Amino acid sequence: MFDFSGLSNAVIEGDSDQVQTKVNEAISARVDPLVIINQGLIGGMNVVGQRFKVNDMFVPEVLMSARAMNDGIELVKPLLAGGEMTNRGTVIIGTVKGDLHDIGKSLVGMMLECSGFKVVDLGVDISPEEFIQAIKENDGKVLALSALLTTTMLSMKSTIEECVAQGMRNDIKVIIGGAPISQEFSDQIGADGYAGDAAAAVELVAKLLAS
Amino acid sequence: MFDFSGLSNAVIEGDSDQVQTKVNEAISARVDPLVIINQGLIGGMNVVGQRFKVNDMFVPEVLMSARAMNDGIELVKPLLAGGEMTNRGTVIIGTVKGDLHDIGKSLVGMMLECSGFKVVDLGVDISPEEFIQAIKENDGKVLALSALLTTTMLSMKSTIEECVAQGMRNDIKVIIGGAPISQEFSDQIGADGYAGDAAAAVELVAKLLAS
Amino acid sequence: MANLQFTELAYTDLNEFIYGQAKKPVVCSNGMVIGGGTVYPEVNLTLPTMLIDEETMPKVLSQYEEMIHGICSKAHELLSPGIIIEIELLPPCTFNPQWGIDVTKVVKGVMNEYYTKFGLKSLLRMTVVDVREGKTLTHMYKGEHWDNVVNTFRGCAEAGADFLAIESIGGKHLHDEAVMNCDLPKALFSLGVVGCRDMITLWDEIVKIAAETNCIPSGDTACGFANTSMVMAHKNFIPKVFAAIDRVMCAVRTLVAVERGAIGPDKDCGYEGVYLKAITGTPISMEGRTAACAHSSSVGNIAACLADCWSNESVENVRLLGGMAPTVYIEQLIYDCRIMNVAASRGSALEMRDILAESDRMFDPQAYILDPRVVLRISQEIVQGKTHFERTKIAASATIKELRAAFQDGLLQLDAKELKYLDILEKQLKSIPDDEAEFTKMMLKNNTIDKFDPAKYDFNIDSAAK
Amino acid sequence: MANLQFTELAYTDLNEFIYGQAKKPVVCSNGMVIGGGTVYPEVNLTLPTMLIDEETMPKVLSQYEEMIHGICSKAHELLSPGIIIEIELLPPCTFNPQWGIDVTKVVKGVMNEYYTKFGLKSLLRMTVVDVREGKTLTHMYKGEHWDNVVNTFRGCAEAGADFLAIESIGGKHLHDEAVMNCDLPKALFSLGVVGCRDMITLWDEIVKIAAETNCIPSGDTACGFANTSMVMAHKNFIPKVFAAIDRVMCAVRTLVAVERGAIGPDKDCGYEGVYLKAITGTPISMEGRTAACAHSSSVGNIAACLADCWSNESVENVRLLGGMAPTVYIEQLIYDCRIMNVAASRGSALEMRDILAESDRMFDPQAYILDPRVVLRISQEIVQGKTHFERTKIAASATIKELRAAFQDGLLQLDAKELKYLDILEKQLKSIPDDEAEFTKMMLKNNTIDKFDPAKYDFNIDSAAK
Ligand SMILES: [Zn+2]
Ligand SMILES: [Zn+2]
Ligand SMILES: [Zn+2]
């Protein structure tokens, strides 16, 4: 069996050159492309996610690892049947209408990606209609909404109501977060869950998709 | 016309002996008993209420005035047709089930009485059923509920629900107050109003009964 | 049973009478010493709007768990040398002792977790509600109510409480009436006669339970008494001078806990704790500006002069922008304590104490009587009294004297209405006979049974004058 | 247009560099003097959970009215010598200038009422949101976004604002990227090149409006920049040394407001204000422990060392046991200010300042760089720079030098990961050329238009090196 520790370590180190070298070695050794991705690249990234969670790595380091992993995936992709990759599910993420806060939401997106979810980040100031559109286009399983202002929190409610109106509420899990958000508010507006930080968001998404 | 200033002043001073002297003078002068009460006694008490509201009198002084007024009323009462007195409406007041805080509620009761309302003070730890019973027995127009704990606030909600269940919600105005209570909570549980202090409670009751 | 007599002050030197230092520090098994040089934050928290019943208990417990996690995590992050957590049980958790015990277990569990994982030192004060009132009370010292109080104390102690405390209420309904009417003799009867006697029976029991469970009997507070006056005065419902005199009278009652074996830290909302510290050397918890979440105050800074623990009084678990309110408040308390502790380490503790005192002293008689200088002077008078009744009476007269002098010397602002009440209250005080039995007879004559039922207290006049 | 050059420090004597005192105090028409010897509380408040639209505006206004009533009433009750109220407008109230104006009128109306009735002195700081971002932005200095900002400023000034302020955001998206990647050159480009140039245009306009409306142009804050770093560092997402260096670099940008005519007090959440005070003598507002309602902090006490106003940052109108949260927070701020002001009146201001500094300095580089001694040293370096670019670069290098020395001297705790980043950041800094045009070209090469669109800023390389 191919030893993936070198490749995983290169991902953890965020060393893109080394990742590409190791991926090419694996390809040459005719390792199944999906195995290269899951055991080598995502395997390394899982360690990164764990380390970040216990404050052992900083965001810039996680981002370097993510970039290195992606560089590796790019090499493997052409070898996949139909070019298709599996993932743990697609998360549509964005900051709600009227709210321009970006970073918190991006961090959650980053952590979800590190954990093997596909993330579609719509950005900030997103209307209910735009969220709905994106869910449809990307076969989204989870909708992650961010709001940082007490005066934009209620846009979360409108977005959930729009999901109901579109008859798609049962097909999507909605999670919410941001400084003024609480579990109580989440219950009130009928979201499926609230996460206080990026690590909790990952756990929440995993739990919701498992159930 | 009889000069009531001496009687009113005696009420304001909380001087019971003087009140009784002045009331007897008025009775001897064949003044209409209801006029003695409304212009002389309650007239003085209205000044007391106003002074208390602007921090010009303390509670013990208000209580002395109230006692003096009542001593005066006792003298006049036998002269009233059928012994009946008019009042501005009856308020049933109490602290809700599970809550033993007494004083805040008593102060509101005191201020309402000073302002010419009839007050039935049920005390503390009062169940929805006991409130309902008292409304029926006393022809209550306003139900005033007090709660001082975050864990007893919801007894207010049950009490209102019981009013609905008994089909009497439209016949009674419900007002609420206490440290953890807010206008928002009042709206949430469907009360008719919230008052932040005793003076505000009086204004609220007057407004609700006028409308 | 302990029956300590404090006839002299623990402090003779004003320069030793200071925050963070107590003559009789409380040494805890985890190494924290209360009154040993460090002021510790003591955070107190309560549930948000919710019912407590059989069905909601799991939610109640998870609320407590969430709050304690937030608090401990913040305390660790801000490198607090130690924290105290106080849980004032809510009535259903004393009426059902098992629920109070379950709360204790959950809270202590999280505290232990943070000690094991991060070395965060913490102590748990469990404050049982004194449920001995209401329509169904049959007796103060036997029957269901008493048993629930006792069983909750024992159960919480066994479940891991470090400190036991209570806001006891013997004689409270008499006192409520006294406050509403500014009736000093009735207040004195409630506190110095009925209250003190109730404290003896109650605290003998608490001290016994503490001894049997290896737990610390900490102290009481006149929360139901002087704090009622304080809140009423703050709203201008009664004169501030009444509240100030009432506060000092309460000291004699709260002190009974120590006479019967409590060793501190005394409870935060008992501002009269400063007198207890002066007389007995027991460390005390105090609350001030950072308790604005629970009630507004005219003693926001001066309350800290002699504090060994510094508390927020109570905050419910609601969301603020910066986090859940209990987490926000532990942060504020930690920074408050840092100021005091750093000042002490730089040799500036006395100057800091005097700054805190000068900050508020002038504006309210309730602040003035917390000034360490004034506390020592009045305490010296109080300990001259031979009985609780006598001491309470002295407390009132000495306070009136101090307030009058302070006004005359321009050290305290009092308006005409306040001065008028100083006269009224002095007159009331003079009407009180020196003989306790005679006074008691007088008081019982105008008493109604719904305010004070002697039978429920096993109260008789003869035994009063002890 | 003003174009002040600050080549020397306003302070040469550390003993004059202290809270409540500024070399250039701001004298207001109601007699309040900011930086004239008294620290004033500055309370900031926001709406609870609610929508703002045409339909809810009456409710919005009554929320503001309720909050200001509560605040003024408490300030009067606690005899505050004066208060400042800050309203940070919410985005809809800048997108619709009339709504922002209506808020101003309601707020100022209540403030005037309390002045007339009770003599309560107060000042209103209106902070307009910098809405110049988002999908529909066409240009930074013309078009709808710019017009809304300008019209809101003018309307609020005419409606009674005493101070105009903004948290400007020119270059912010570049900086967001820099923070996420700990990319010092990109942060420097965002702040020292793009940000400073944006500030010039923006503040020239604000100062002009202020002059025409007889209002005071107060100041800016790097809220969108260094506070993002601060929050990220606080969550352990990025190293604290990056946040500390970023804070000092931000000082050069925030200072541009003063160069263009702002006179203070600088805005609370701009912790870099201490550098602005050192260099220009302008009074500043600061926030610390009593802003825990808005965010946790590692500078809870040290932030007060040089404060002329003391703020809670922001609290929403929710109910706490003690009252509505804005009322609770004005009380806490008033007591905080009393401590500082009483210390000053007793001649202990310097000792108090040093206690506050020692309280936090050791535990976090972000606290260390707020120590007045350190501020003066680094400021002295900064003013050596000839251009904003040069000054920002010096800010970074001087901070790195200070942090390294502090660690070596045992004055500051830094763990291995932090030390590693100090090396990384120093290396990054060394890679930056001395020539601004060359640096700009370098930066633009890797730039994406969604992070920074030069056309929207009328940005060209040649004009950069001014
Ligand atoms: Zn209490
Ligand atoms: Zn800000
Ligand atoms: Zn602010």
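Values quoted throughout were computed directly from the atomic coordinates according to the rules given, and no laboratory measurement underlies them. Predicted model only: the values in this text are computed from it and were never measured. Methodologically, a virtual Cβ is constructed for each residue, glycine included, from the backbone with ideal geometry; neighbour enumeration extends over all protein chains shown.
Helix-only mean residue ellipticity at 222 nm, chain C, DSSP H runs n ≥ 4 weighted -39,500 (n - 2.57), per residue, nearest 500. What is it?
So the helix-based figure for chain C works out to -15500 deg cm²/dmol.
Just to confirm the number: angle between the C-alpha axis of helix B:59-76 and the first principal axis of chain B, 0 to 90 degrees, nearest 10?
The angle comes out at about 60 degrees.
If you take the beta carbon distance between C:Leu137 and B:Glu13 as r and set R0 to 35 Å, what does 1/(1 + (r/R0)^6) give as a FRET efficiency, to the nearest 0.05?
E between C:Leu137 and B:Glu13, to the nearest 0.05, is 0.35.
At a 10 Å Cβ-Cβ cut-off, how would you order D:His175, D:His69, D:His388, B:His101, fewest neighbours first?
Listing D:His175, D:His69, D:His388, B:His101 from fewest to most nearby Cβ atoms yields D:His69, B:His101, D:His388, D:His175.
Could you pull out the pairs from A:Lys157/D:Lys105; D:Lys240/D:Lys430; D:Lys186/D:Lys441 whose alpha carbons sit more than 22 Å apart here?
Checking Cα-Cα distances, A:Lys157/D:Lys105 exceed 22 Å.
List the distances, in nm and shortest first, from the label point of C:Asp53 to the matching label points in every other copy, placing each point 7 Å from Cα along the Cα-to-Cβ direction.
For C:Asp53, the inter-copy label distances come out at 3.8 nm.
Give me the number: length gained by fully extending C:Thr56 to C:Ser345, i.e. 0.36 nm times residue separation minus the C-alpha to C-alpha distance, one decimal in nm.
99.3 nm
Count the DSSP beta bridges whose two residues both fall in region C:14-457, then state the antiparallel fraction as a percent rounded to the nearest 5.
15
Between C:Asn112 and D:Asp434, how many nm apart are label points set 7 Å from Cα along the C-beta direction?
Result for the modelled spin labels: 6.6 nm.
If you average the sequence gap of Cα pairs under 8 Å that are 6 or more apart and divide by the length of region D:19-464, what percent do you get for the contact order?
Value for region D:19-464: 19 percent.
Kindly provide the trypsin sites (Lys or Arg not before Pro) of region D:188-235 that DSSP labels as loop, not H, G, I, E or B, and whose Cβ sees at most 15 other Cβ atoms within 10 Å.
Listed in order of number, the matching sites are D:Lys235.
Counting only other chains, and only Cβ atoms inside 10 Å, what mean value do you get across the residues of D:168-179?
Partner Cβ neighbours, averaged per residue: 1.
Go through region D:375-380 residue by residue and turn each phi into a ³J(HN,Hα) via Karplus (6.51, -1.76, 1.60, θ = phi - 60°); whole Hz please, and just put x for glycine and proline.
4, 5, 5, 5, 4, 4
With a 10 Å Cβ neighbour count serving as the proxy for reagent exposure, in which order, fewest first, do A:Ser127, A:Ser5 appear?
Result, fewest neighbours first: A:Ser5, A:Ser127.
At D:Asn447, label 7 Å along Cα→Cβ: distances to the other copies, nm, ascending?
8.5
Per-residue mean of other chain beta-carbon atoms within 10 angstrom of the beta-carbon, peptide A:150-156?
Average neighbour count from other chains, rounded to a whole number: 6.
Quick check on region D:1-95: of the DSSP beta bridges with both residues there, what percent are antiparallel, nearest 5%?
50
List the trypsin sites (Lys or Arg not before Pro) in region D:318-381 that DSSP assigns to loop (not H, G, I, E or B) and whose Cβ has at most 15 other Cβ atoms within 10 Å. Which are they?
Here the trypsin sites (Lys or Arg not before Pro) that fit, given the DSSP loop and packing criteria, are D:Arg346.
Pairs to check: A:Lys53/C:Lys74; C:Lys59/C:Lys267; D:Lys24/D:Lys74; B:Lys53/C:Lys235; D:Lys267/D:Lys393. Give those whose C-alpha atoms are more than 20 Å from each other in this structure.
C:Lys59/C:Lys267; D:Lys24/D:Lys74; D:Lys267/D:Lys393
Suppose you put the label 7 Å out from Cα in the Cβ direction; list, shortest first and in nm with one decimal, how far C:Val33 is from each other copy's label.
4.8
Can you list the HN-Hα couplings for region D:384-399, worked out from phi with the Karplus curve (6.51, -1.76, 1.60; θ = phi - 60°), rounded to whole Hz and with x for Gly and Pro?
6, x, 8, 10, 4, 4, 5, 5, 5, 5, 4, 3, 5, 5, 5, 5
For region D:164-249, which GluC sites (Glu not before Pro) pass both filters: DSSP loop (anything but H, G, I, E, B) and at most 13 other C-beta atoms within 10 Å?
Within region D:164-249, no GluC sites (Glu not before Pro) qualify (loop, at most 13 other Cβ atoms within 10 Å).
Net charge near D:Leu191: determine it from the other residues with C-beta under 11 Å of the C-beta of D:Leu191, scoring Lys and Arg +1 and Asp and Glu -1.
In short, +4.
Put a dot 7 Å past each Cα toward the Cβ at D:Met362 and A:Glu137; how far apart are the dots in nm?
According to this spin-label approximation, the distance is 5.6 nm.
Quick one: Karplus J couplings for region C:138-153, per residue in order, coefficients 6.51, -1.76, 1.60, θ = phi - 60°, nearest Hz, x for Gly and Pro?
9, 7, 6, 10, 7, x, 4, 4, 4, 4, 5, 4, 4, 5, 5, 4
Between B and A, which B residue has the Cβ nearest their rotation axis, distance in Å?
So the closest residue, with its distance, comes out as B:Gln188, 5.
Assuming R0 = 45 Å, can you tell me the calculated FRET efficiency for the pair A:Asn24 and D:Lys235, based on Cβ-Cβ distance, to the nearest 0.05?
Efficiency, rounded to the nearest 0.05: 0.75.
Test of understanding: ordering C:Cys269, C:Cys250 by Cβ neighbours within 10 Å, fewest first, what list do you get?
In order of increasing Cβ crowding within 10 Å: C:Cys269, C:Cys250.
Output the 0 to 90 degree angle, nearest 10, between the alpha-carbon long axis of helix A:103-114 and the longest principal axis computed from the alpha carbons of chain A.
Approximately 40 degrees, to the nearest ten.
Work out the charge dipole of the protein assembly as shown with +1 on the Cβ of Lys and Arg and -1 on the Cβ of Asp and Glu about the Cα centre, then indicate which of C:Leu14, B:Asn55, D:Leu403 is farthest towards its positive end.
Projecting each Cα onto the dipole axis, the largest value belongs to C:Leu14.
Would you mind telling me the antiparallel percentage of the DSSP bridges in the protein assembly as shown, rounded to 5?
Around 10 percent antiparallel, to the nearest 5.
Helix A:16-28 versus the longest principal axis of chain A: what is the Cα-based angle in degrees, 0 to 90, to the nearest 10?
The angle comes out at about 60 degrees.
Calculate the FRET efficiency for B:Ser5 and C:Thr201 from the Cβ-Cβ distance with a Förster distance of 60 Å, rounded to the nearest 0.05.
The calculated FRET efficiency here is 0.65.
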